[in-house]
Amino acid sequence: DSGVTQTPKHLITATGQRVTLRCSPRSGDLSVYWYQQSLDQGLQFLIQYYNGEERAKGNILERFSAQQFPDLHSELNLSSLELGDSALYFCASSATRGNNEKLFFGSGTQLSVL
Amino acid sequence: AQKITQTQPGMFVQEKEAVTLDCTYDTSDPSYGLFWYKQPSSGEMIFLIYQGSYDQQNATEGRYSLNFQKARKSANLVISASQLGDSAMYFCAMRESTQGGSEKLVFGKGTKLTVNP
């Protein structure tokens with residue numbers, strides 16, 4: 001158990017809908033990262049938050065947004081969903097900004113857009 | 001440009017034998033870190049081993065060791081005494097600096113390892 005909690009584990013929804021994925025980092029970790037894993041793109045970095053502030057942005061679509069709350073949990077919001085958004089979404093955390101620190105991953109949220 | 005290259009989509013090994021999973025990387029930063037993660041069929045990402053660019057010795061963690069050849073820009077994972085439970089996807093990743101002064105991990109496409117009894 002990595003200590004990173006993601007909910008829900010599975011999510012099935014329809015095109016055009018909006019969903020929210022939730023992540024609780026390991027106790028004491030200030031950084032939260034979101035990754036998307038799909039068969040064709042592999043593991044893609046989406047966005048990182050550190051202590052409530054956005055620190056880095058990767059290949060995140062404009063339809064997607066995220067935030068980190070004062071209690072350090074994070075949410076990834078996906079809107080106007082398309083079939084191609086179906087993927088496994090991971091949250092990871094680390095103690096600081098990630099300098100040579102390993103990332104602890106949650107077990108992921110499997111999103112299926114029908 | 002691809003930063004992490006894993007050239008073996010799939011590998012097979014007999015139980016109790018050793019196996020090497022290849023990883024090459026590309027970076028111009030003098031300071032970087034290399035990671036290996038395991039993803040079993042259940043889906044979670046499990047950290048295995050880390051190697052810093054300035055580390056003098058190759059990293060080892062139990063049955064996992066990293067064959068780090070800096071001049072060749074390779075960081076191959078060696079699993080000794082393979083077990084059936086080692087069957088999984090293995091990802092090589094490199095720490096990359098971001099514009100915000102932070103860092104992220106960039107992953108390779110992965111290698112699917114199958115351990116045969």
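The values are calculated or read from the model by the stated rules, or taken from the named source; none is laboratory data. Computed from a predicted model, the values in this text were never measured in an experiment. Quick reminder, even Gly has a Cβ in these numbers, built from the backbone with ideal geometry, and neighbours come from all protein chains shown.
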Worksheet, complete the sentence: Only unsatisfied item for B:GLY85, checking (1) surrounded by fewer than 17 Cβ atoms within 10 Å (Cβ to Cβ); (2) within 23 Å of A:ALA92 (Cα to Cα); (3) not polar (S, T, N, Q), is (2)
Response to the item:
Scanning segment B:51-69 residue by residue, the ones that are within 13 Å of chain A (Cβ to nearest Cβ), part of a strand (DSSP E or B) and out of contact with any strand residue (DSSP E or B) (no Cβ under 7 Å at 6 or more places or on another chain) total 0
Worksheet, complete the sentence: Subset of segment B:23-42, residues buried (at least 17 other Cβ atoms within 10 Å of the Cβ) and in a loop (DSSP other than H, G, I, E, B), comes to B:CYS23, B:THR27, B:TYR32
Worksheet, complete the sentence: A careful count of residues in segment B:13-51 that are of a type outside the set (A, V, I, L, M) and touching a Leu at 6+ places or on another chain (Cβ under 8 Å) gives 12
Practice prompt. Within segment A:27-42, track down each residue that is within 9 Å of chain B (Cβ to nearest Cβ) and either buried (at least 23 other Cβ atoms within 10 Å of the Cβ) or more than 23 Å from A:SER86 (Cβ to Cβ) (or both).
Written response: A:SER31, A:TYR33, A:TYR35
Fill in: Neighbours by Cβ (under 7 Å, 6+ apart or cross-chain): first from segment B:36-50, at the interface with chain A (Cβ under 7 Å from one of its Cβ atoms) and within 18 Å of B:LYS109 (Cβ to Cβ); second not in a strand (DSSP E or B) and not hydroxyl-bearing (Ser, Thr, Tyr)
B:GLY43/A:GLY108
Discussion item. Which numbered condition in (1) within 17 Å of B:ILE46 (Cβ to Cβ); (2) more than 14 Å from chain B (Cβ to nearest Cβ) is the only one that A:LEU61 fails?
Written reply: (1)
Discussion item. Take residues that are at pLDDT below 95 and basic (Lys, Arg) and tell me which of the strands (runs of 3 or more DSSP E) falling wholly in segment A:3-114 contain 1 or more.
Written reply: A:53-57
Worksheet item: Quick check, is A:LEU88 crowded, with 21+ Cβ neighbours inside 10 Å and in contact with a strand residue (DSSP E or B) (Cβ under 7 Å, 6 or more places away or on another chain)?
Response: no
Discussion item. One residue is enough: does segment B:77-91 have a residue meeting the conditions within 11 Å of another protein chain (Cβ to nearest Cβ) and of a type outside the set (A, V, I, L, M)?
Written reply: yes
Worksheet item: When residues of segment A:29-56 are filtered for being among the polar types (S, T, N, Q) and within 13 Å of the chain's Cα centre (by Cα), how many remain?
Response: 5
